[in-house]
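The values are calculated or read from the model by the stated rules, or taken from the named source; none is laboratory data. In this text the structure is predicted, and so the values were computed from the model without any measurement. Don't worry about glycine lacking a Cβ; one is built from the backbone with ideal geometry, like all the others, and counts go over all protein chains shown. Accessible surface areas use protein heavy atoms only, side chains included; no ligands, DNA or RNA. Shrake-Rupley method; radii C 1.70, N 1.55, O 1.52, S 1.80 Å.
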Amino acid sequence: MSPLIILSLYLVFRLKQLVCDFVLQTTWMAMNKGLDGAEGYKALFVHAFIHGVGTLLIFLAFAPSLWWFALVDILVHASVDRIKAVVTRKAGWHARDTFFWWAFGVDQEIHNLTHLAYLIIIVAHYGGLA
């Protein structure tokens, strides 16, 4: 796999994160995914499912036989977002609090590292750099 394709793949994953986490995430999802009960889990699942669809499209384009990583991404994304949402809610952190933004930054970096892991998996699937 050429360095240009690897860079393209990385940028596509970053674009997926931007679109799925900010453009397609509704206020309902953002405000409810950390809540206990059916409403919280419903919001979390819908948000994570959107990420899974984005990941599915990327894997279908770059490594179709690894499509099932979309299911992995749903679980990983949901877990990371749930932990961040529960921690910030239970701590009482809001957008005006420094710790809220630290948690937000850690959440985003974990998603970035997850995508880097997917990139490495795809590159390895094709035998590494060409």
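Please indicate, with yes or no, whether at least one residue in region 16-32 is open to solvent by 30 Å² or more (accessible area, probe 1.4 Å), modelled with pLDDT of 95 or more and basic (Lys, Arg). No, that holds for no residue.
What about Ala103, is it buried (at least 17 other Cβ atoms within 10 Å of the Cβ), at pLDDT below 95 and assigned to a helix (DSSP H, G or I)?
no
Of the residues making up region 56-79, not a single one is charged (D, E, K, R) and not in a helix (DSSP H, G or I).
Considering region 106-118, and only residues there that are buried (at least 19 other Cβ atoms within 10 Å of the Cβ) and over 14 Å from Asp81 (Cβ atoms), the residue that is nearest to the chain's Cα centre (by Cα) turns out to be His115. Kindly list the number of the only condition in (1) closer than 21 Å to Cys20 by Cα; (2) open to solvent by 20 Å² or more (accessible area, probe 1.4 Å); (3) among the hydroxyl-bearing types (Ser, Thr, Tyr) that fails for Thr98. Looking at each condition in turn, Thr98 falls short on (1). Annotation note: of His47, His77, His111, His51, the sole residue that is of a type outside the set (Phe, Trp, Tyr) and in contact (Cβ under 8 Å) with a residue 60 or more places away in the chain is His111. When Arg89 is tested against (1) open to solvent by less than 70 Å² (accessible area, probe 1.4 Å); (2) in contact with a Gly (Cβ under 8 Å, 6 or more places away or on another chain), just one condition goes unmet, and that condition is (1). Within the option set Val76, Val53, being buried (at least 19 other Cβ atoms within 10 Å of the Cβ), modelled with pLDDT of 95 or more, within 17 Å of the chain's Cα centre (by Cα) and of a type in the set (A, V, I, L, M, F, W, C) holds for one residue only, Val76.
Given (1) without any contact (Cβ under 8 Å) to a residue 24 or more places away in the chain; (2) surrounded by 13 or more Cβ atoms within 10 Å (Cβ to Cβ); (3) over 12 Å from the mean Cα position of the chain (by Cα), identify the lone condition not met by Leu35. That leaves (1) as the condition not met. Close contacts from region 118-130, counting a first residue that is small (Gly, Ala, Ser) and a second that is open to solvent by less than 100 Å² (accessible area, probe 1.4 Å), with Cβ to Cβ under 8 Å and a gap of 6+ residues or different chains, come to Gly127/Met1; Gly128/Met1; Ala130/Met1; Ala130/Ser2.
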